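These notes concern the structure reproduced below.
Just so you know, all these numbers are worked out from the coordinates, no wet-lab data involved. Remember, predicted model here, so these are calculated numbers, not experimental data. As a convention, Cβ positions derive from the backbone with ideal geometry for all residues, glycine included, and neighbour counts pool all protein chains shown.
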Amino acid sequence: MNPYIGIFYGSDTGCTEEVTHELVEYWESGEVKVIECNQLTKADFKEFDFLILGLSTWYDGDLQSDWEDFFDDFKTIDFTGKTVAIYGLGDQIGYGEYFVDGIGILAEEILNNGGHIIGEWSTKGYDFSESKALKNKDFFYGLALDEDNESDLTANRLETWVTAIKKEIEEIKDKNLVKA
Ligand SMILES: Cc1cc2nc3c(=O)[nH]c(=O)nc-3n(C[C@H](O)[C@H](O)[C@H](O)COP(=O)(O)O)c2cc1C
């Protein structure tokens, strides 16, 4: 099977990388291609209709450094016809005014450039004051993980989220088959 999902992630101190390893376990090896953000080119985005993007947030609401370096290119990607899920790591206690902002920064560009975002995630149970990742007051654009304060919740959160996005991906694949 040719990989049909691109998992692209960036990580400064290894936390997002570890979560990415856990995430990959949920797919057959032939289904996904994993690329670290510091190796990414725009062409990699062309290859996949389904993308899962992972990143942490740094320095009061900034993108993880590799995503920051890639961001000018990222803003020019045409996401028309693409389905994107985002997972983000942050620290709701230490950086509660900027919690997982990176999710929202990527989401805004994806939506501006025609993409469809799946995998919204409830804000219930988190304790933060502000976040650019908010789709509305009840949901983040993607999965919010907090390895600094709630690492014990990560495995369950990830499993619940992956189950949900798998369902959404299957529904979109089915719909596209019917269209074709
Ligand atoms: C200096 C510093 C700045 C940070 N800034 C933010 C921030 O603005 N928002 C946030 O949610 N988390 C922030 N964090 C928390 C990181 O995103 C978190 O530790 C994450 O797990 C790191 O993941 P990585 O190792 O994959 O880069 C910050 C952490 C440090 C050490």
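A few comments on the model shown:
- Pick from segment 82-96, criterion within 16 Å of the ligand (Cβ to nearest atom) and part of a loop (DSSP other than H, G, I, E, B), ranking: farthest from D148 (Cα to Cα): G96
- Tally of residues being near the ligand (Cβ under 8 Å from one of its atoms) and without any contact (Cβ under 8 Å) to a residue 40 or more places away in the chain across segment 98-108: 0
- Within segment 1-48, if we keep just the residues that are β-branched (V, I, T) and in contact with a Phe, Trp or Tyr (Cβ under 6 Å, 6 or more places away or on another chain), the residue that is nearest to the ligand (Cβ to nearest atom) turns out to be T16.
- Residues that are in a loop (DSSP other than H, G, I, E, B), crowded, with 17+ Cβ neighbours inside 10 Å and within 16 Å of the ligand (Cβ to nearest atom), drawn from segment 114-139: T123, Y126, F128, S131, K132, A133
- Yes/no for F79 being farther than 25 Å from E168 by Cβ, of a type in the set (A, V, I, L, M, F, W, C) and more than 10 Å from the ligand (Cβ to nearest atom): no
- Residue that is surrounded by the fewest Cβ atoms within 10 Å (Cβ to Cβ), among those in segment 140-180 that are small (G, A, S) and within 16 Å of the ligand (Cβ to nearest atom): A155
- Filtered residues of segment 54-76 (kept if within 13 Å of the chain's Cα centre (by Cα), farther than 27 Å from E171 by Cα and part of a strand (DSSP E or B)): S56, T57, L63
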